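Worksheet: the structure to be examined is printed underneath.
Readers should treat all values here as calculations from the given coordinates under stated rules, not as data from a laboratory. Computed from a predicted model, the values in this text were never measured in an experiment. Here the Cβ is made from the backbone with ideal geometry for all residues, glycine too, and neighbour counts use every protein chain on show.
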Amino acid sequence: MTGTESGRFADLPPSAKYVYELVDRDGPLTRQELLQKLPEPTLDRALDRLQSEDFIHKTRDSEDLREVVIKTRTMRTYNPSRD
């Protein structure tokens with residue numbers, strides 16, 4: 001089971017779930033790529049929430065340090081006692 005199956009994921013706002021699903025399906029994605037799908041304030045709130053809940057990881061592109069790359073956490077495991 002992945003972290004998306006935990007109760008914490010169910011409590012996320014729809015925009016955060018949408019961003020997570022995009023990154024999980026098509027990622028890693030850059031912030032600029034995600035901005036094509038959502039307005040900037042909505043995207044920033046969703047990314048902040050996902051990062052604070054440890055669902056995603058943000059890094060800098062090794063070739064262009066100005067670019068932020070977003071990846072899902074692949075090693076998350078479901079632990080109901082943590083919810």
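Can you list the residues, at least 5 places off or on another chain, whose amide H is less than 5 Å from the amide H of residue 30, using H built in the peptide plane?
70
Counting only residues 5 or more places away or on other chains, whose amide H sits under 5 Å from the amide H of residue 73 once H atoms are built in the peptide plane?
Here the answer is 56, 57, since their amide H atoms fall under 5 Å of that of residue 73.
Sort the following peptides by mean Cβ neighbour count (other Cβ atoms within 10 Å, averaged over residues), highest first: 62-69, 47-54, 12-19, 33-40.
On the way: 62-69: 10.6, 47-54: 16.1, 12-19: 17.6, 33-40: 13.6.
Ranking the peptides 62-69, 47-54, 12-19, 33-40 by packing returns 12-19, 47-54, 33-40, 62-69.
How large is the direction-averaged shadow of the alpha-carbon convex hull of the stretch 3-76, in nm²? Mind dumping the intermediate values first?
Details: hull surface 19.1 nm².
Averaged projected area of the stretch 3-76's Cα convex hull equals 4.8 nm².
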